[in-house]
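Working notes, beginning with the structure itself.
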Amino acid sequence: MLQTQMVSVHQPLSEQAVAVQEALIAAGLETPMVDNGLNDIEKRNKIQAAMCDIMETLGLDLSDDSLCDTPKRIAKMYVDEIFSGLDYRRFPKITAIANKMQSEEMVKVSEISVTSTCEHHFVTIDGTATVAYIPKDQVLGLSKINRLVDFFAQRPQVQERLTQQVLVALQTIVGTDDVAITINATHYCVKARGIRDKTSYTQTSALGGAFKHEPALRAEFFAR
Ligand SMILES: Nc1nc2c(ncn2[C@@H]2O[C@H](COP(=O)(O)OP(=O)(O)OP(=O)(O)O)[C@@H](O)[C@H]2O)c(=O)[nH]1
Ligand SMILES: [Zn+2]
């Protein structure tokens, strides 16, 4: 999970954040967003008021000591936690070092925890991601791959877009097309409501460069 992090409206975007945002827009993969000009405090206040309205509409007693702070908690959770990835000022600093060790084989990080939120129902998507790339001029700090996945997971998502966003972001940052990602996830909109299927899960993948075109590399990536 992203650490809660206070960001100022005046905080400039990092060069990496700008490059990734531009790449996603160019690829038609950016999350549909509108800049409403609200700062984080204004967002929390508006969401809190809206949640009071929802709870009162449901007939809940907001004077109850267990319920009274729920609108405030949800507002904070949306802005600072589970939807914090909508704000590029929170884009993680992805440190890389020169590939002096001439690593030219796949680097693969497996079973990265993914907790996201389905944009159709606003309930949890729970799963894991496996991400690989073939280093070119730079190698990434390993935890930065987890952080990148986490940034895009902290948005309302469909799993297919989350998968593609991580692919394009990583390609942009490492400067190579040779990136692969697969996500396995359970959708609580399928598990806890609607069809109420307790066992199914969804696998999505996005492959670039050699991972797309070389069957042996693709097979190596998907092998456990
Ligand atoms: N492709 C895709 N679909 C998703 C994802 N998350 C949720 N959905 C689906 O979005 C669809 C929305 O369908 P609707 O018919 O508008 O919504 P609904 O009436 O709540 O549908 P049910 O879930 O079947 O009850 C559902 O089939 C969800 O399972 C996702 O990450 N990717
Ligand atoms: Zn859903």
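The values are calculated or read from the model by the stated rules, or taken from the named source; none is laboratory data. Only a predicted model underlies this, so the values are computations on that prediction, with no experimental measurement involved. Here the Cβ is made from the backbone with ideal geometry for all residues, glycine too, and neighbour counts use every protein chain on show. For the accessible areas, the whole protein counts, side chains as well, though only heavy atoms, and no ligand, DNA or RNA atoms are used. Shrake-Rupley method; radii C 1.70, N 1.55, O 1.52, S 1.80 Å.
Do we find a residue being among the aromatic types (Phe, Trp, Tyr), assigned to a loop (DSSP other than H, G, I, E, B) and open to solvent by 60 Å² or more (accessible area, probe 1.4 Å) anywhere in the range 84-91? There is no residue in the range 84-91 that is among the aromatic types (Phe, Trp, Tyr), assigned to a loop (DSSP other than H, G, I, E, B) and open to solvent by 60 Å² or more (accessible area, probe 1.4 Å). Checked against the criterion of being part of a helix (DSSP H, G or I) and surrounded by 15 or more Cβ atoms within 10 Å (Cβ to Cβ), the candidates 74, 112 yield just one match: 74.
Each residue in the range 185-209 was checked for being open to solvent by 40 Å² or more (accessible area, probe 1.4 Å) and either within 30 Å of residue 99 (Cβ to Cβ) or within 16 Å of ligand 2 (Cβ to nearest atom) (or both), and 14 of them qualify. Looking only at residues of the range 110-142 that are among the β-branched types (Val, Ile, Thr) and closer than 17 Å to residue 176 by Cα, we find that the one that is farthest from ligand 1 (Cβ to nearest atom) is 139.
Condition check ((1) in contact with a Phe, Trp or Tyr (Cβ under 7 Å, 6 or more places away or on another chain); (2) aromatic (Phe, Trp, Tyr); (3) within 16 Å of ligand 2 (Cβ to nearest atom)) across all residues:
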site: 99; (1), (2), (3): no, no, no
site: 103; (1), (2), (3): no, no, no
site: 107; (1), (2), (3): yes, no, no
site: 110; (1), (2), (3): no, no, no
site: 119; (1), (2), (3): no, no, yes
site: 134; (1), (2), (3): no, no, no
site: 138; (1), (2), (3): no, no, no
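Can you name the residue in the range 156-181 that is among the small types (Gly, Ala, Ser) and touching a residue at least 40 places away in the same chain (Cβ under 8 Å) and, of all such residues, is farthest from residue 222 (Cα to Cα)? So the residue we want is 169. The residue list 176, 124, 128 contains one member that is away from ligand 2 (no atom under 16 Å from the Cβ) and under 22 Å from residue 198 (Cα atoms), which is 128.
Restricting the range 210-222 to residues that are among the aliphatic types (A, V, I, L, M) and open to solvent by 50 Å² or more (accessible area, probe 1.4 Å) leaves a set whose member that is nearest to ligand 2 (Cβ to nearest atom) is 219. Selection over the range 62-91 of residues that are without any contact (Cβ under 8 Å) to a residue 60 or more places away in the chain and closer than 27 Å to residue 32 by Cα gives a count of 9.
Considering only residues that are farther than 28 Å from residue 100 by Cα and not in a helix (DSSP H, G or I), look in the range 130-170 and name the one that is farthest from the chain's Cα centre (by Cα). That would be 158.
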